[in-house]
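Peer 1: A single structure is presented below for examination.
The values are calculated or read from the model by the stated rules, or taken from the named source; none is laboratory data. Predicted model, so just to flag it, every value in this text is computed and none were measured. Methodologically, a virtual Cβ is constructed for each residue, glycine included, from the backbone with ideal geometry; neighbour enumeration extends over all protein chains shown.
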Amino acid sequence: MSLRVRDRLGWADVMSLLNAVVGVVAMVAAVTATPGVVARLILLAAVADGLDGIIARRRGGTAVGPYLDSMADVVSFGTAPALFAFAVARDAWAPLSSDPLQYVIAGAVASLFVVFSLVRTALYTVYVDTDETRPGIQNTLAASILAAAYLAGLTQVPLLLAAAVVLSVLMVAPIPYPKLTARDALLMGVVQVGAIARPALLDRILPRILLIAALAYLTLAPRYYWGE
């Protein structure tokens with residue numbers, strides 16, 4: 001039996017796969033490059049994730065699309081940001097031999113982020129319909145907040161790790177989050193592209209705008225955002 005890849009995958013699925021590719025590159029960068037590079041790659045994956053939704057709405061999705069999107073999200077917004085948080089700690093702290101407990105803490109936080117992202121993605125894929133209000137924050141949002149915070153200058157390791165723990169819990173919290181409207185998603189994408197291309201412009205204004213917008217959605221959306 002043939003998998004009929006060309007017949008069963010659409011353009012939105014190609015964008016989901018591109019999202020996953022960028023996520024893998026971000027993981028490689030967490031080992032070989034600076035955390036700033038990793039943060040920008042995570043935001044680039046978020047742009048690709050937004051584009052696959054836009055393409056699916058305009059050209060139609062496929063039966064396999066939701067599963068590909070979920071698996072790509074685990075790569076780019078579960079594993080990649082977890083390695084990013086660990087890389088920030090690794091670069092800021094002393095060598096492993098001097099205080100291994102610090103690395104245990106960073107590794108535990110990274111593992112927690114991945115586990116909660118996996119749980120959220122699996123439960124969402126199985127139990128939440130496309131048009132339903134989504135419980136818990138999106139792992140895309142959690143990853144974007146960590147990346148934007150770092151690019152905005154919030155590089156203190158304890159603060160970043162604490163934020164990762166809080167965001168991990170919020171991914172499975174029973175708090176309803178409406179879907180962004182197409183207009184707001186596009187505006188967010190434009191700011192993300194600017195933060196990727198010129199993160200240091202005007203004293204980091206673009207990642208700071210992105211961070212403020214993401215935090216506003218995080219705190220206000222369950223009660224005040226109208227969604228689609």
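Peer 1: What number goes with the only condition from (1) closer than 21 Å to residue 84 by Cα; (2) free of Cβ contacts under 8 Å to residues at least 60 places away in the same chain; (3) more than 14 Å from the chain's Cα centre (by Cα) that residue 160 does not pass?
Peer 2: With (1) closer than 21 Å to residue 84 by Cα; (2) free of Cβ contacts under 8 Å to residues at least 60 places away in the same chain; (3) more than 14 Å from the chain's Cα centre (by Cα) applied to residue 160, the lone miss is (2).
Peer 1: Confirm whether residue 14 is under 21 Å from residue 159 (Cβ atoms), β-branched (Val, Ile, Thr) and surrounded by fewer than 19 Cβ atoms within 10 Å (Cβ to Cβ).
Peer 2: No; evaluated as a whole, the condition is false for this residue.
Peer 1: If we keep just the residues of the stretch 80-126 that are charged (D, E, K, R) and loosely packed, with under 15 Cβ neighbours inside 10 Å, which is modelled with the lowest pLDDT?
Peer 2: If we filter the stretch 80-126 for residues that are charged (D, E, K, R), which is where we start, we get 90-91, 99, 120.
Subset that is loosely packed, with under 15 Cβ neighbours inside 10 Å: 91, 99.
Values: 91: 89, 99: 76.
Only one residue fits best here, namely 99.
Peer 1: Continuing with the same structure: Only one of these is of a type outside the set (S, T, N, Q) and within 30 Å of residue 102 (Cα to Cα): 182, 162, 216. Name it.
Peer 2: Being of a type outside the set (S, T, N, Q) and within 30 Å of residue 102 (Cα to Cα) holds for just one of 182, 162, 216, which is 162.
Let's see how each residue does on (1) assigned to a helix (DSSP H, G or I); (2) in contact with a Ser or Thr (Cβ under 8 Å, 6 or more places away or on another chain); (3) within 18 Å of residue 46 (Cβ to Cβ); (4) not basic (Lys, Arg):
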site: 58; (1), (2), (3), (4): yes, no, no, no
site: 82; (1), (2), (3), (4): yes, yes, yes, yes
site: 85; (1), (2), (3), (4): yes, no, yes, yes
site: 144; (1), (2), (3), (4): yes, no, yes, yes
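Peer 1: Let me ask something else. Of the residues 120, 90, which is without any contact (Cβ under 8 Å) to a residue 24 or more places away in the chain and either part of a helix (DSSP H, G or I) or acidic (Asp, Glu) (or both)? If you could, list the steps in order and put the result at the bottom.
Peer 2: On the way: 120 fails: without any contact (Cβ under 8 Å) to a residue 24 or more places away in the chain.
Just one listed residue meets the conditions, 90.
Peer 1: Let me ask you something else. Residue 70 passes all but one of (1) crowded, with 17+ Cβ neighbours inside 10 Å; (2) at pLDDT 95 or above; (3) among the hydroxyl-bearing types (Ser, Thr, Tyr); which number fails?
Peer 2: Every listed condition holds for residue 70 apart from (2).
Peer 1: Using the structure shown, decide if residue 168 is more than 21 Å from residue 22 (Cα to Cα) and either among the charged types (D, E, K, R) or in contact with a Leu (Cβ under 8 Å, 6 or more places away or on another chain) (or both).
Peer 2: Against the criterion (more than 21 Å from residue 22 (Cα to Cα) and either among the charged types (D, E, K, R) or in contact with a Leu (Cβ under 8 Å, 6 or more places away or on another chain) (or both)), residue 168 qualifies.
Peer 1: Further question: Given (1) modelled with pLDDT under 95; (2) within 19 Å of residue 54 (Cβ to Cβ), identify the lone condition not met by residue 223.
Peer 2: Every listed condition holds for residue 223 apart from (2).
Peer 1: Right, another one. Being more than 18 Å from the chain's Cα centre (by Cα), at pLDDT below 95, of a type outside the set (S, T, N, Q) and crowded, with 16+ Cβ neighbours inside 10 Å is true for just one of 48, 63, 56. Which residue is that? Walk me through it before giving the result.
Peer 2: Details: 48 fails: more than 18 Å from the chain's Cα centre (by Cα); 63 fails: crowded, with 16+ Cβ neighbours inside 10 Å.
Answer to the check: 56.
Peer 1: Taking residue 129, is it buried (at least 22 other Cβ atoms within 10 Å of the Cβ), of a type in the set (Asp, Glu), at pLDDT below 90 and farther than 16 Å from residue 165 by Cα? Break it down stepwise before answering.
Peer 2: Details: buried (at least 22 other Cβ atoms within 10 Å of the Cβ): no; of a type in the set (Asp, Glu): yes; at pLDDT below 90: yes; farther than 16 Å from residue 165 by Cα: yes.
So residue 129 does not fit the description; no.
Peer 1: Taking the stretch 30-43 as the search range and keeping residues that are within 10 Å of residue 84 (Cα to Cα) and over 16 Å from the mean Cα position of the chain (by Cα), which one is surrounded by the fewest Cβ atoms within 10 Å (Cβ to Cβ)?
Peer 2: The residue in question is 31.
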